[in-house]
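Rule-based calculations on the coordinates, nothing more; no lab input. As the structure is a computational prediction, the values presented were derived from the model and not from experiment. Every residue, glycine among them, receives a Cβ derived from its backbone with ideal geometry; neighbour counts consider all protein chains shown.
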């Protein structure tokens, strides 16, 4: 049975995250129905990440052992025809038998969008957090650099998380502006529950003047969730890239 790697993108607005749930619509439930329809049988669908409710993805990877492989073009056409408009596949390939979308992943990159204008924009509101006060993106970029490295990120993990190992390595973290959109980009070997959204909220505290750029290190070393910023809404968050194999992540 060929092991297939399917890459999709989706608008997570109306979904309760990736994972199948009894009383809520999920990305996994919708996608696996489309895959099962093509292959005529149920298979175990493995996702690369457990994205939260309302989070989007520019790139999300799924692996599964299929009874046959009709080729990329026919696979994508059949699956996309069975998917709604807010979930679409754009790549499919046969991979190693032991490949696993989640456990074979070496790093992920997320982006968080902050729409920085006096008034809200209905064309971007689903995909960004609106903040009407001035943001000095250069100041935030300096603050973001303090996240880079291997740290205990307990301060940036939801209080509802029961994970035991809170040490993660961040390879890159930056803040850039394009007109009214301020974008936080962060790449690491893994992320805790709500970690990126809490980091975004903490960087916004820098913009507000509540903390200084170099206070980030003190917040990290405190290992105390109360010292970090608020958890920003899910609609501004995108899983942007997923990395497999040998990759120069520092670059």
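With the alpha-carbon atoms of the chain aligned to their principal axes, the span from lowest to highest coordinate is 57, 39, 36 Å, starting with the largest. Let a ≥ b ≥ c be the square roots of the eigenvalues of the Cα gyration tensor of region 145-251; is it rounded (a/c under 1.5), or, if not, prolate (a/b larger than b/c) or oblate? Rounded. If R0 is 22 Å, the Cβ-Cβ spacing of residue 177 and residue 208 corresponds to a FRET efficiency of close to 0.85.
Ordering of 8-14, 223-229 by packing is 8-14, 223-229, highest average first (other Cβ atoms within 10 Å, averaged per residue).
Once a ≥ b ≥ c are taken as the square roots of the eigenvalues of the Cα gyration tensor of region 1-105, is the result rounded (a/c under 1.5), prolate (a/b larger than b/c) or oblate (a/b not larger than b/c)? It is prolate, given that a/c is not under 1.5 and a/b is the larger ratio.
Using Cα pairs under 8 angstrom and six or more residues apart, how large is the relative contact order of the chain, in percent?
In percent, rounded to a whole number, it is 23.
Of the residues 175, 62, the one with the fewest other Cβ atoms within 10 Å heads the list, and the complete ranking is 62, 175.
Provide the gained length on full extension for the span residue 21 to residue 106, in nm with one decimal, where the gain is 0.36 nm per separating residue minus the Cα-Cα distance. Numbers along the way, then the final one.
Working: separation 85, 0.36 × 85 = 30.60 nm, distance 2.68 nm.
The residue 21-residue 106 span can extend by a further 27.9 nm.
The length gained by stretching the chain between residue 14 and residue 41 to full extension, at 0.36 nm per residue less their Cα-Cα distance, is 7.0 nm. Neighbour counts of other Cβ atoms within 10 Å put 64, 156, 238 in the fewest-to-most order 64, 238, 156. Can you figure out the FRET efficiency of residue 77 with residue 159, using R₀ = 51 Å and their beta-carbon distance, to the nearest 0.05? Efficiency computed from Cβ-Cβ geometry: 0.70.
For region 60-158, rounded, prolate or oblate, judged on the Cα gyration tensor with a ≥ b ≥ c (square roots of eigenvalues), a/c < 1.5 rounded, else prolate if a/b > b/c?
Oblate shape, in that a/c is at least 1.5 and b/c is the bigger or equal ratio.
Hey, what number do you get for the chain at 222 nm if only DSSP H runs of n ≥ 4 count, each worth -39500 (n - 2.57), divided across all residues, to the nearest 500?
-6500 deg cm²/dmol
Going from the residue with the fewest nearby Cβ atoms within 10 Å to the one with the most, 195, 1, 59 rank 1, 59, 195. Between residue 91 and residue 136, the contour length at 0.36 nm per residue exceeds the Cα-Cα span by 12.4 nm.
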